[in-house]
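Undergrad: The structure under discussion is supplied below as structure tokens; questions concerning it will follow.
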Amino acid sequence: MVRSLWTGASGMIGQQANIDTIANNLSNVNTHGYKKQRADFEDLLYQTVKVAGTPATEETVVPVGIQMGHGVKLAGTQRVFSQGNLQQTEIPTDMAIAGDGFFRVQMYDGSWAYTRNGSFKVDSDGRMVTSSGYWLLPDIILPEGFLPETLTVSQDGRVTVKVPQIDENDPIEVGRIELYRFANPVGLTAVGENLFKTTQASGSAIAGRPGFDGMGMIAHKYLEMSNVAVVQEMVNLIVAQRAYEFNSKTIQTSDSMLGTATTLKR
């Protein structure tokens, strides 16, 4: 009887974590480059009352054992790196990755982070940076006096601009975009601001040129939207809510049965 109370409680805790994950997905439905999470669960230890195969007689064995479960636990929150829809923005510094890969940025402490959010800006030094001011790597430094409307990024990552003081007609190449992929991208750890950092589980970053060696291509003047499917998340939310209610009912039923047992002797 007491076991069912704790089993139901573990189910409620697990479904609360599931709802928290769904809520985070829905809150980031308009976050550029966001990758949804999925809650994975595992059953807990079992109390073995009777082992299957135990001898019943000299010639027979027990065909089915008896095991009593103790509930569920959250095993992990897996990131789903499926492609998000591409939205055209007509902003020259916007880029999206169509396919595999991440942009690399340098944070204030000198460490590297990776992102799918290609909403870049140009700082006062002409360097391409994220909305938080982190440098895009390799450095893309735009020359003084360039025409912003002439900024072009090819599918293979070549960045060109026109500078009237140098040449009014022919664009000049100012840098190349590199992409990075991982053997196990779900092993990356999210640090906020649309950024991920490497772990031993993800492996080291593998650099490559856009459009080559399995890397995605650059879509200029596009942004990748979140890959959260709102309808699917709402269905998942309903299922999680009902599962939470079912587990609460097992606790209420167990409590009612305990109450019945305590009133047997008056």
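Undergrad: Could you check which residue among E178, E58, E149 shows the biggest mean-square fluctuation in a GNM of the chain with a 10 Å Cα cutoff?
TA: E58
Undergrad: Can you tell me which of P63, P148, P164 moves the most in a GNM of the chain? Springs connect C-alpha atoms under 10 Å apart.
TA: So, out of P63, P148, P164, the one fluctuating most is P63.
Undergrad: Which one is right for this structure if Kirkwood radius over Cα pairs in Å is calculated from it: [x] 18.4; [y] 19.3; [z] 22.5?
TA: Checking each listed value against the structure points to [z].
Undergrad: Something else: Taking a threshold of 30 Å on the Cα-Cα distance, which of the pairs K36/K162; K35/K162; K197/K221; K197/K249; K50/K73 fall above it?
TA: Result: K36/K162; K35/K162; K197/K249 exceed 30 Å.
Undergrad: To continue, here is another question. What does the helix-only formula give at 222 nm for the chain: each DSSP H stretch with n ≥ 4 adding -39500 (n - 2.57), the total divided by the residues, and the result rounded to the nearest 500 deg cm²/dmol?
TA: Using -39500 (n - 2.57) per qualifying helix, the result is -8000 deg cm²/dmol.
Undergrad: Give me the angle, in degrees from 0 to 90, between the Cα long axis of helix 2-27 and the longest principal axis of the Cα atoms of the chain, rounded to the nearest 10.
TA: Approximately 20 degrees, to the nearest ten.
Undergrad: On a 0 to 90 degree scale, rounded to 10, what angle separates helix 230-262 from the longest Cα axis of the chain?
TA: 20 degrees
Undergrad: What is the gain in length, in nm to one decimal, between K265 and D170 on full extension, counting 0.36 nm per residue of separation less the C-alpha to C-alpha distance?
TA: This chain segment gains 24.5 nm when fully extended.
Undergrad: What does the net charge come to around L188 if you take all other residues with beta carbon closer than 10 Å to its beta carbon, with K and R at +1 and D and E at -1?
TA: +3
Undergrad: Apply the Karplus parameterisation 6.51 cos²θ - 1.76 cosθ + 1.60, with θ equal to phi minus 60°, to every residue of region 60-66 and state each ³J(HN,Hα) to the nearest whole Hz, in sequence, with x for glycine and proline.
TA: Calculated HN-Hα couplings, in order: 10, 10, 6, x, 10, x, 10 Hz.
Undergrad: In addition: With θ taken as phi - 60° and the coefficients 6.51, -1.76 and 1.60, list the Karplus ³J(HN,Hα) couplings across region 45-55 in order, rounded to whole Hz; mark glycine and proline as x.
TA: Each residue's phi maps through the Karplus curve to give 4, 10, 8, 8, 7, 9, 8, 5, x, 5, x Hz.
Undergrad: Where nothing but the Cβ of Lys and Arg (+1) and of Asp and Glu (-1) is charged, how large is the charge dipole of the chain around its Cα centre, in debye to the nearest 20?
TA: That gives the chain a dipole magnitude of about 1300 debye.
Undergrad: With each pseudo-label sitting 7 Å past Cα toward Cβ, what's the N184-L258 distance in nm, one decimal?
TA: That separation, rounded to one decimal, is 4.1 nm.
Undergrad: Quick one: net charge around I140, please, counting Lys, Arg +1 and Asp, Glu -1 for every other residue with C-beta under 14 Å from its C-beta.
TA: -1
All of the numbers you see were taken from the coordinates with simple rules; none came from a lab. Source: prediction; values computed, not measured. Neighbour counts are summed over all protein chains in view; Cβ atoms, including those assigned to glycine, are modelled from backbone coordinates with ideal geometry.
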